[in-house]
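Input: a single structure, listed below in structure tokens.
The values are calculated or read from the model by the stated rules, or taken from the named source; none is laboratory data. This one's a predicted model, so the numbers in the text were calculated from it and none came from an experiment. Cβ placement follows ideal geometry from the backbone for every residue including glycine, while neighbour counts extend to all protein chains displayed. When the accessible area is computed, the model is the full protein with side chains, heavy atoms only, and any ligands, DNA or RNA have been set aside. Shrake-Rupley method; radii C 1.70, N 1.55, O 1.52, S 1.80 Å.
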Amino acid sequence: MVSAALGVLLSQWSPPPLLLSYTWGLWFLFFAPVTMAMTLPLEWDDDERMYFLFSAFKRSRDVDSADWDSKIAFWIPLIVKHAKAQGLLSITLRQVQAAFTRNGITPLGLETVVQEMLRRGSLQRESDFTTSITSGWVSWGLRQLVVKPLRWTLGSVLGGQLNLDEPFVVPEVIKEQADLVLQKYQSSPLSSVPLLCEEDVHGLCKDLIPSQSAFQLVLLQLLKDKKICLLQRDGEKLVKFVKEGNVTPIGDTDLGIYELQKSEKLLSERLESACDESTRLTEEAKSFNKAGNKRQALRCLRRRRLSEKRISALQSKLDTVQSILERISMAETDRKVVSAYQIGVSTLRSALKDVSLEKTESLVDQIQEFCDLQDDINQTISGVGTSDLDMDTDELERELNEILQTEEVDLPEVPTGPLITSPQRPPAGHQVNNTAMDMSGILSALPDVPSGPVPAPPAMGQSNQAAAPQAQLALPQ
């Protein structure tokens, strides 16, 4: 009977999502295959080196600092790298021991490594991580939203004692996941919605963070970085992403817009359902009419008319809600424009603080006065020493003519030899006979034809210097 009663209790008990996720993580650790090939260093196959790294630490670092530092420098980056490769936002000592078991041997100093990582901040206890969130602008609902479930899980599973299964947060991995969630929200259509419920945000990034407990850790990191605001209201967890760097808590305006958006979503769903019902009733009326059941066909048409009235009423309400949301959006745009105008006026006022019309006119007059003064000074300077150079122009021209008349002109010498006359061009209108042209003048000017023997051409290879005297000898005297 005891076992039967226990079975009934277990069948009716629904464990929290965090505990289910935690249990699933332990099952995956022991039964699912772990692929560590890409995360293990090359020296993992060196037996001698790994024998040293798997050995226990000295009781104190002062005993052998080189031994201590060498092991710490090996294990801390490897554990963080393993957490990144597996996407683990939190990790336990048992998980670390199982992940780095080699040939059935577990490293003896991993507990010391975890303690050193806690001291350096490479790991954090979940309780310390949650309590490190600064309050102030954070809503009191944060305690009910995230911190309380985490502490409940830790206390119920571990009984308030620390052991091998205590989860430790890996801040570096959580920051990376938080940045990815923020980027995914900013690139999604939901970025235009100021306030979202937790389920919508988790559904947006469920492919990155399927676990609910891990998602809550990411929310804490975003809250710590002042990227979101959290609020729990009427059993609903709300998330507001911070825009333009302005960290403001969730106010009545945000809640009002959220309620309008919920009403719009609800009206849209009901309107779609009513339209589907109207279409279905129309098809049924056609079917009954074809089957000869006119009474049922008229009944379907009567129900369709009621559905159309409901559609009209829902459409009117939906149009009103959408109109209000559109006006709110326009008002927000107008507010930003007015704010930009105010900034522009303030900037112009600051820029023209010491500038006035009278001062500007005075400066222009002073500039003109100094320009006139500079022109007078330049004219005065250019007139120095020019009085002695003023002479009569006529007198200077007479002196130039005298110099030109007395100057000797070098002419070429008159030729003394006979002139060679060229044939004259016939006067205009005189017809020239090309075949009977008188060439006597041209022929008389040519030299006589030599009468001596014609010299023979020089032999091949004979230089021009040797042929030149022979050619001179052959010429007539």
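Can you pull out every residue in segment 69-107 that is over 18 Å from Asp46 (Cβ atoms), of a type outside the set (S, T, N, Q), in a helix (DSSP H, G or I) and in contact with a helix residue (DSSP H, G or I) (Cβ under 9 Å, 6 or more places away or on another chain)?
The answer is Ile72, Ile76, Ile79, Val80, His82, Ala83, Lys84, Leu93, Arg94, Val96, Ala98, Ala99.
Given the conditions (1) at pLDDT below 85; (2) open to solvent by 70 Å² or more (accessible area, probe 1.4 Å), report the number of the one that Arg94 does not fulfil.
Result: Arg94 fails condition (1) only.
Based on this model, can you work out whether Gly121 counts as surrounded by 18 or more Cβ atoms within 10 Å (Cβ to Cβ) and not hydroxyl-bearing (Ser, Thr, Tyr)? Before you say what the answer is, go through the steps one by one.
On the way: surrounded by 18 or more Cβ atoms within 10 Å (Cβ to Cβ): no; not hydroxyl-bearing (Ser, Thr, Tyr): yes.
Answer is no for this residue.
With the structure loaded, tell me whether Gln322 is open to solvent by 60 Å² or more (accessible area, probe 1.4 Å), polar (S, T, N, Q) and closer than 14 Å to Ala274 by Cα or whether it fails that test. Give the steps one after another, and end with the answer.
Details: open to solvent by 60 Å² or more (accessible area, probe 1.4 Å): yes; polar (S, T, N, Q): yes; closer than 14 Å to Ala274 by Cα: no.
No.
When you go through Ala274, Ala313, Ala331, Ala297 one by one, which is the residue that is aliphatic (A, V, I, L, M) and closer than 30 Å to Lys227 by Cβ?
Numbers: Ala274 fails: closer than 30 Å to Lys227 by Cβ; Ala313 fails: closer than 30 Å to Lys227 by Cβ; Ala297 fails: closer than 30 Å to Lys227 by Cβ.
Matching residue, one of Ala274, Ala313, Ala331, Ala297: Ala331.
Of (1) open to solvent by 20 Å² or more (accessible area, probe 1.4 Å); (2) more than 18 Å from Arg119 (Cβ to Cβ), Phe100 satisfies all except one. Which?
Every condition holds for Phe100 apart from (1).
Which residues, counting only those in segment 272-293, are charged (D, E, K, R), under 20 Å from Ser316 (Cα atoms) and surrounded by 16 or more Cβ atoms within 10 Å (Cβ to Cβ)?
Glu277
Among the residues of segment 45-67, is there at least one that is under 41 Å from the mean Cα position of the chain (by Cα) and closer than 26 Å to Pro171 by Cβ?
Here is the first cut: in segment 45-67, the ones under 41 Å from the mean Cα position of the chain (by Cα) are none.
No, because not a single residue in segment 45-67 is under 41 Å from the mean Cα position of the chain (by Cα) and closer than 26 Å to Pro171 by Cβ.
For residues that are farther than 22 Å from Ile250 by Cα and out of contact with any Lys or Arg (no Cβ under 8 Å at 6 or more places or on another chain), scanning just segment 188-211, find the one that is surrounded by the fewest Cβ atoms within 10 Å (Cβ to Cβ).
Only one residue fits best here, namely Asp207.
May I ask you to list the residues in segment 334-362 that are open to solvent by less than 80 Å² (accessible area, probe 1.4 Å), at pLDDT 85 or above and among the hydroxyl-bearing types (Ser, Thr, Tyr)?
Ser339, Ser346, Thr360, Ser362
Is segment 392-408 home to any residue that is outside any helix (DSSP H, G or I), open to solvent by 90 Å² or more (accessible area, probe 1.4 Å) and either modelled with pLDDT of 90 or more or out of contact with any strand residue (DSSP E or B) (no Cβ under 7 Å at 6 or more places or on another chain) (or both)? Give the steps one after another, and end with the answer.
First, pick out the residues of segment 392-408 that are outside any helix (DSSP H, G or I): 392, 407-408.
Applying the additional criterion that residues be open to solvent by 90 Å² or more (accessible area, probe 1.4 Å) yields 407-408.
If we keep only those that are either modelled with pLDDT of 90 or more or out of contact with any strand residue (DSSP E or B) (no Cβ under 7 Å at 6 or more places or on another chain) (or both) too, we end up with 407-408.
Scanning segment 392-408 turns up at least one residue that is outside any helix (DSSP H, G or I), open to solvent by 90 Å² or more (accessible area, probe 1.4 Å) and either modelled with pLDDT of 90 or more or out of contact with any strand residue (DSSP E or B) (no Cβ under 7 Å at 6 or more places or on another chain) (or both).
Just give me the residues in segment 245-257 being part of a loop (DSSP other than H, G, I, E, B) and open to solvent by less than 50 Å² (accessible area, probe 1.4 Å), in sequence order. Before the answer, list the steps.
Going residue by residue through segment 245-257, those that are part of a loop (DSSP other than H, G, I, E, B) are 245-251.
Result: Ile250, Gly251.
In segment 215-236, which residues are surrounded by fewer than 21 Cβ atoms within 10 Å (Cβ to Cβ) and at negative phi?
If the condition is that a residue be surrounded by fewer than 21 Cβ atoms within 10 Å (Cβ to Cβ) and at negative phi, then Lys224, Asp225, Lys227, Gln232, Arg233, Glu236 are the ones that fit.
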